[in-house]
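First comes the structure, then the notes that go with it.
The values are calculated or read from the model by the stated rules, or taken from the named source; none is laboratory data. Computed from a prediction, not measured in an experiment: that's the story for all the values here. Here Cβ is always computed from backbone atoms with ideal geometry, including for glycine, and neighbour counts include all displayed protein chains. Ligands, DNA and RNA are stripped out before the accessible areas are found, and what is left, the full protein with its side chains, is counted by its heavy atoms. Shrake-Rupley method; radii C 1.70, N 1.55, O 1.52, S 1.80 Å.
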Amino acid sequence: MPKTAARQTATAKTEKHSANGASKSAVKAKNGNGAADKVNRKQAQAENVGRKKSQKDLIKQTEPELLREMLYQMVLGRYFEQKCAEVYRIGKIGGFCHLYIGQEAVAVGTMMALREDDFVITAYRDHVQAIIKGIPPEEVMAELYGKTGGCVGGKGGSMHMFDAARGFFGGHGIVGGQIGVGTGMAYAQKYKGTDGVTLCFFGEAAVNQGMFHESLNMAQLWKLPVIYICENNKYGMGTSQKRAMSISSVAEKANAYGIASEFVDGMDVMAVREATERAIERARKDSLPTLLEIRCYRFMGHSMSDPGKYRASDEIKKYQERDPIVLFQNSLKEAKVFTDKDFEEITNRAKEATEKALKFADESPLPDESELFTDVYAD
Ligand SMILES: Cc1ncc(C[n+]2csc(CCOP(=O)(O)OP(=O)(O)O)c2C)c(N)n1
Ligand SMILES: [Mg+2]
């Protein structure tokens, strides 16, 4: 094994677990399928107390203005998507529509640690990521409506948000497909001599695709500045991870390629940010990849057409008790950074931005019929 690979494997071992107290669960996950379900409640509560303390400690070390913006983006993501569900039900949005409700801490914690010129690519659960990357909520909503004011002129819809100028490269419907494209984006950043990095999001079900393994191998071999973010929400459509994956720890899979990895609590936005900052530094300074397994939970169905019969309501309730927004708000209050008045201001601002987006989408014209023949590529 070349020296560099051996050194990196050692890094992977020492840096595998976050400082947020999640390491014990990750080690346990090694021997059983779906270890998260088997965690005993008392132990989980004790871990939660530890994580809450670490969230408050990190809050105290962070600028209040940044914390305000982080909370705003999380609340905006939540309101925006609740409205998406509402207008979907009355037929204003058609086709597939996958909501991100419950996973907001992942996008905010990771993406808000980026520089503006860094790149992001993700799967079809992409509305909130698009907004955080700077696409105005109006353009995201108009895209959902299939209107010309949308970020891709109404031709992409829910799954295909895109804005190259803002460094947001989709919105992809083929599970795992974006992992190869994201790896290529990081290759381009390195080839062009920039110090930019790429954040590449995917779900845990995408890890079973060959593309994941081919990409991780190349990323470490060619030392690419890419951060792979596996949003492990435990389900791929209606199939639980337990029924689809022989090893339940995704982070551990990075060891096969000598890539540094971490396991992170996706309900804790500060822990997500902290782990991402380490990965960004590794990518920007040393041009090395990282795999972050961020454990989270989607509160809604896989998509708007999911009847959701495969999950027990008790399980959903268990995760809702650790709603990432409520958790963050409570920590901010306990750390005496914000008061109820601040929360009210943030909530009102998010509601206003969502209403403005809805109005814009309603008033935006539908594409002209002639648009059927533009931007269409066929051999
Ligand atoms: C190559 C491919 N196979 C199957 C599908 C159908 N499909 C769409 S979403 C999905 C589940 C993906 O789950 P995960 O990667 O965990 O992401 P999540 O939806 O949980 O965010 C599947 C199998 C697809 N779109 N592409
Ligand atoms: Mg999933």
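Quick one: which strands (runs of 3 or more DSSP E) sit completely within region 207-303 and have at least 3 residues that are within 16 Å of ligand 1 (Cβ to nearest atom)?
Filter on region 207-303 gives 226-232, 290-295.
Per-residue answers, yes or no, for (1) surrounded by fewer than 24 Cβ atoms within 10 Å (Cβ to Cβ); (2) at pLDDT 95 or above; (3) over 17 Å from the mean Cα position of the chain (by Cα):
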{"site": "231", "(1), (2), (3)": "no, yes, no"}
{"site": "238", "(1), (2), (3)": "yes, yes, yes"}
{"site": "244", "(1), (2), (3)": "yes, yes, yes"}
{"site": "255", "(1), (2), (3)": "yes, yes, yes"}
{"site": "267", "(1), (2), (3)": "no, yes, no"}
{"site": "275", "(1), (2), (3)": "no, yes, no"}
{"site": "292", "(1), (2), (3)": "no, yes, no"}
{"site": "301", "(1), (2), (3)": "yes, yes, no"}
{"site": "307", "(1), (2), (3)": "yes, no, yes"}
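For region 281-300, give me each residue that is of a type outside the set (Asp, Glu) and within 12 Å of ligand 2 (Cβ to nearest atom).
Those that are of a type outside the set (Asp, Glu) and within 12 Å of ligand 2 (Cβ to nearest atom): 294, 295, 296, 297, 298.
Considering every residue within region 95-102, establish whether at least one is at positive phi and open to solvent by 10 Å² or more (accessible area, probe 1.4 Å).
yes
Just name the residue that is least open to solvent (accessible area, probe 1.4 Å) out of those in region 133-160 that are of a type in the set (Val, Ile, Thr) and over 14 Å from residue 97 (Cβ atoms).
135
Select, from 128, 152, 140, the only residue that is among the β-branched types (Val, Ile, Thr) and closer than 21 Å to residue 274 by Cβ.
128
Does residue 355 satisfy the criteria of being modelled with pLDDT under 95 and either assigned to a helix (DSSP H, G or I) or under 24 Å from residue 79 (Cβ atoms) (or both)?
no
Tell me the residue from 73, 103 that is in contact (Cβ under 8 Å) with a residue 12 or more places away in the chain, more than 15 Å from ligand 1 (Cβ to nearest atom) and under 19 Å from the mean Cα position of the chain (by Cα), please.
73
To keep it simple, each residue is scored yes or no on (1) in contact (Cβ under 8 Å) with a residue 12 or more places away in the chain; (2) touching a Leu at 6+ places or on another chain (Cβ under 8 Å); (3) open to solvent by less than 20 Å² (accessible area, probe 1.4 Å).
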{"site": "295", "(1), (2), (3)": "yes, no, no"}
{"site": "316", "(1), (2), (3)": "yes, no, no"}
{"site": "334", "(1), (2), (3)": "yes, no, no"}
{"site": "344", "(1), (2), (3)": "no, no, no"}
{"site": "352", "(1), (2), (3)": "no, no, no"}
{"site": "357", "(1), (2), (3)": "yes, no, yes"}
{"site": "360", "(1), (2), (3)": "yes, no, no"}
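Being within 16 Å of ligand 1 (Cβ to nearest atom) and buried (at least 24 other Cβ atoms within 10 Å of the Cβ) is the filter here; which residues of region 181-201 pass it?
182, 199, 200, 201
Mind listing whichever residues of region 119-161 are under 26 Å from residue 186 (Cβ atoms) and of a type in the set (Lys, Arg)?
125, 133
Among the residues of region 202-213, how many are open to solvent by 10 Å² or more (accessible area, probe 1.4 Å), more than 12 Å from residue 182 (Cα to Cα) and either free of Cβ contacts under 8 Å to residues at least 60 places away in the same chain or away from ligand 2 (no atom under 16 Å from the Cβ) (or both)?
5
Check residue 321 against each of (1) charged (D, E, K, R); (2) at pLDDT 95 or above; (3) open to solvent by 30 Å² or more (accessible area, probe 1.4 Å) and name the one condition it does not meet.
The number of the failed condition is (2).
Confirm whether residue 184 is out of contact with any Asp or Glu (no Cβ under 7 Å at 6 or more places or on another chain), within 16 Å of ligand 2 (Cβ to nearest atom) and at pLDDT 95 or above.
Taking the combined requirement at face value, the residue does not satisfy it.
Limited to region 161-179, what total is found for residues that are surrounded by 18 or more Cβ atoms within 10 Å (Cβ to Cβ) and on the phi < 0 side of the Ramachandran plot?
9
If I filter region 112-125 for residues that are within 22 Å of residue 358 (Cα to Cα) and either assigned to a helix (DSSP H, G or I) or open to solvent by 20 Å² or more (accessible area, probe 1.4 Å) (or both), do I get at least one hit?
yes
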